[in-house]
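The values are calculated or read from the model by the stated rules, or taken from the named source; none is laboratory data. What you are looking at is a predicted structure, and each value in this text was computed from that prediction instead of being measured. Cβ atoms come from the backbone with ideal geometry, glycine included; neighbour counts cover every protein chain shown.
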Amino acid sequence: MYNVRDNEPDYAFVPQVEAPETNCYGKPIQLVSENDPLAGQSLNINGDHSVGDNPSRYKQHGFYFNADNCIACHACEAACAEKNDTPAHLAFRSVGYLEGGSYPAVARLNISMACNHCDNPVCLKGCPTRAYTKFAEYGAVLQDPDICFGCGYCTWVCPYNAPQLDPVAGHVSKCNMCVDRLEVGLKPACASACLGGALDFGVIETTPDHREQLATSIPGFPDTSITNPNIRFQQTRSLPREMRRTDSTPIRYLRDEQNAKPEPGVKGGQGGYHSAPLPRSKRPMQWNLGKLHSRENPLVIFTLITQAVVGAFLVLFLGPQFGLAALSAAAHPLAYPVTLFGLIALQTFALVISTLHLGRPHRFYRAFNNLRHSPVSREVAAVAVFYNLLGVYAVLSGLPQLFGWLPQGLVNGVRDLSGWLAVLAGPASIYFMHRIYRIPARPFWNHWQVLSSFYASMLTLGALAVALVFVPLLAAQGSDYTALLQVLAGLALAGLALEAFGLYRHAVYLRHHSGEGQAAWLEQTTTFGRTYWLRNGLMLTAALLITGSVLPGAPALVLWALAALTLGAAALIGRALFYVLVIPTTMPGAFFWKNPAFQEHARAVGLAGMPQVGVQVGGH
């Protein structure tokens, strides 16, 4: 157990006070009864099997932050780093701030934030490896880095940037509420170290001494409805109507005295606050092609290839069912199975590439551990089902002689059944793939356009893949390929139309919604504005080329080849933009610390090579 010093000051101990039965979200504060069979178990902290004697052990605890008192001394950060021995580029607790007003009436609001050990921990539900557990002891949400394989999905879904992905170690870790200190009645290290009396800790919904408010939010704090966080605030000092982030996120917070319930829900101070992006007029349209590179590059390749493979298989399997004899196995007894095996090879490559997104790729098999809750687990399972059904169908179609010892009717029946099941599993896998990105903490992704984009890629890339194989084959044989090309062109055009409609509705949605989603739209039309319009222009060019390719004659092949290059470029640029444009609902950073722009500058000039700067320079 944690050793309590003989001279431990009184303020370092968790106060024992009466608490209400439920919190402000209607959830019970007493998480289990003292007589529950599970009560009294050890947390096995540091291998110690003893049990703490804290009388509030099974009540939900939480942090209390008084923004009026915070002086941004970073003592809480230092105490947390010392307690958890974190490297310089990680911080379980960090202090950011907002600024507002004009000289001489300048105001600054400091915010100290770590994990809020939420009632609805989305990190726990999102984690595919089940590395998270919400304990009845203190209501702590704990994470086991040894189970984690470093996908980083918990860092996507958490609105507060609490889980920290270490690209060097290849796993995630986070605040553990200092449960070893709680077991002996001490507050977490950060709360005990606070110099200004700003950070406190105790049973949730209990007001510390000399405090007044139990607010659930302050300016800069994301929407509490996402996770129901266990943190309470006090902020009574008057603030300017507009508060701005000092990091590079183009967000400001505006107070609206007339709006009692502002959207998207960041509120506090003297009235309601809603977030809005900085004016577009101050941001020129740029290319920034070099910034399309991101940690999610393996996912760019994985998603595009998977959607292309699913689309190509649907065309190959369903085409002959609807009269396209040119795509049947009977018409091309060699090319048909070779194409199927080519799709399997492509999908295998995509699956291997996807593991490069993980901090610990050799533990990819753990992705199946949370099928009940995690969208990642469901996507991996759905893609695996499609992949195996495609394999069965390809083997039975291309190598039937291997099964000559079985009744022909049985072989044909299993082949057809696996094909039809793959027809269902393929689009289903794309649906589960899109569910990964429907995240409230990332408003740019949280729109149906993700689904329309993924299905559009399935149509366009699938039709393109089949055309690149069978149209030249028919041309080489001297057969008429016009009918096939017209059908494939129709599918590709339908996909482009679906993509264009989704992009248009997405842009309209983002423009009319405040917050990080609108800020991402602003980035799309300014920082990456020229690249964004390049992608749109490539889509339009591809549509014109495909329309022209339906005409008979050899020029159609040239137009289709040009359309293929244009479509491929548009798909790559669009999917790269999809990952780099998203702005999460994280807490505000500082001018240097937790500032993406400073991190980019530090890497460019070499400061990141100095570990004390705290900028991640390496990757897994």
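Identify, from the list 383, 395, 423, the residue that is surrounded by 20 or more Cβ atoms within 10 Å (Cβ to Cβ), assigned by TED's automatic domain parsing to the domain that holds residue 317 and part of a helix (DSSP H, G or I). Walk me through it before giving the result.
On the way: 395 fails: surrounded by 20 or more Cβ atoms within 10 Å (Cβ to Cβ); 423 fails: surrounded by 20 or more Cβ atoms within 10 Å (Cβ to Cβ).
383 is the lone residue from the list that is surrounded by 20 or more Cβ atoms within 10 Å (Cβ to Cβ), assigned by TED's automatic domain parsing to the domain that holds residue 317 and part of a helix (DSSP H, G or I).
Looking at 377, 354, which one is of a type outside the set (Val, Ile, Thr), closer than 30 Å to residue 122 by Cα and in contact (Cβ under 8 Å) with a residue 60 or more places away in the chain? Explain how you work it out, then say what you get.
Values: 354 fails: in contact (Cβ under 8 Å) with a residue 60 or more places away in the chain.
Answer to the selection: 377.
Test residue 21 against the stated conditions and say whether it is exposed (fewer than 13 other Cβ atoms within 10 Å of the Cβ) and in contact with a Pro (Cβ under 9 Å, 6 or more places away or on another chain). It would help to see each step written out before you state the result.
Numbers: exposed (fewer than 13 other Cβ atoms within 10 Å of the Cβ): yes; in contact with a Pro (Cβ under 9 Å, 6 or more places away or on another chain): yes.
Judged against the criteria, residue 21 is a match.
Search the stretch 507-520 for residues that are assigned to a loop (DSSP other than H, G, I, E, B) and pair each with any residue that is surrounded by fewer than 15 Cβ atoms within 10 Å (Cβ to Cβ) when their beta-carbon atoms are under 8 Å apart and the residues are at least 6 apart or on different chains.
Between residues of the stretch 507-520 that are assigned to a loop (DSSP other than H, G, I, E, B) and residues that are surrounded by fewer than 15 Cβ atoms within 10 Å (Cβ to Cβ), the close pairs are 513/263; 514/263; 515/263.
Can you tell me which of 616, 524, 612, 599 is under 30 Å from residue 85 (Cα atoms) and without any contact (Cβ under 8 Å) to a residue 60 or more places away in the chain? Give the derivation first.
Working: 616 fails: without any contact (Cβ under 8 Å) to a residue 60 or more places away in the chain; 524 fails: under 30 Å from residue 85 (Cα atoms); 612 fails: without any contact (Cβ under 8 Å) to a residue 60 or more places away in the chain.
Only one candidate qualifies: 599.
Answer with yes or no whether residue 77 is closer than 19 Å to residue 188 by Cα, of a type in the set (Asp, Glu), in a helix (DSSP H, G or I) and within 26 Å of the chain's Cα centre (by Cα). Give the derivation first.
Numbers: closer than 19 Å to residue 188 by Cα: yes; of a type in the set (Asp, Glu): yes; in a helix (DSSP H, G or I): yes; within 26 Å of the chain's Cα centre (by Cα): yes.
Criteria met by residue 77.
Go through (1) under 22 Å from the mean Cα position of the chain (by Cα); (2) crowded, with 24+ Cβ neighbours inside 10 Å; (3) on the phi > 0 side of the Ramachandran plot one by one and return the number of the condition residue 162 breaks.
Condition not satisfied by residue 162: (3).
Determine, yes or no, whether residue 82 is touching a residue at least 40 places away in the same chain (Cβ under 8 Å), among the acidic types (Asp, Glu), assigned by TED's automatic domain parsing to the domain that holds residue 251 and part of a helix (DSSP H, G or I). Lay out the reasoning, then the answer.
On the way: touching a residue at least 40 places away in the same chain (Cβ under 8 Å): yes; among the acidic types (Asp, Glu): yes; assigned by TED's automatic domain parsing to the domain that holds residue 251: yes; part of a helix (DSSP H, G or I): yes.
When the stated conditions are applied, residue 82 passes them.
Would you pick out the residues in the stretch 556-586 that are modelled with pLDDT under 90 and within 30 Å of residue 219 (Cβ to Cβ)? Give the steps one after another, and end with the answer.
Initially, the stretch 556-586 is screened for residues modelled with pLDDT under 90, giving 556-561, 586.
Residue satisfying the conditions is 586 alone.
Is it the case that residue 34 is surrounded by fewer than 12 Cβ atoms within 10 Å (Cβ to Cβ) and not assigned by TED's automatic domain parsing to the domain that holds residue 193?
Yes.
Which number in (1) over 24 Å from residue 556 (Cβ atoms); (2) part of a helix (DSSP H, G or I); (3) at pLDDT 95 or above; (4) not basic (Lys, Arg) marks the one condition that residue 459 misses?
Status for residue 459: all satisfied but (1).
Take the residues in the stretch 475-494 that are outside any helix (DSSP H, G or I) and of a type outside the set (Phe, Trp, Tyr); name whichever of them is farthest from residue 547 (Cα to Cα). Lay out the reasoning, then the answer.
Applying the first criterion (outside any helix (DSSP H, G or I)) to the stretch 475-494 yields 478-481.
Retained after the next criterion (residues that are of a type outside the set (Phe, Trp, Tyr)): 478-480.
Working: 478: 23, 479: 21, 480: 18 Å.
Here the answer is 478.
Could you tell me whether residue 46 is polar (S, T, N, Q), loosely packed, with under 14 Cβ neighbours inside 10 Å, in contact with a helix residue (DSSP H, G or I) (Cβ under 9 Å, 6 or more places away or on another chain) and over 23 Å from residue 204 (Cα atoms)? Show your work before the answer.
Numbers: polar (S, T, N, Q): yes; loosely packed, with under 14 Cβ neighbours inside 10 Å: yes; in contact with a helix residue (DSSP H, G or I) (Cβ under 9 Å, 6 or more places away or on another chain): yes; over 23 Å from residue 204 (Cα atoms): yes.
In short, yes.
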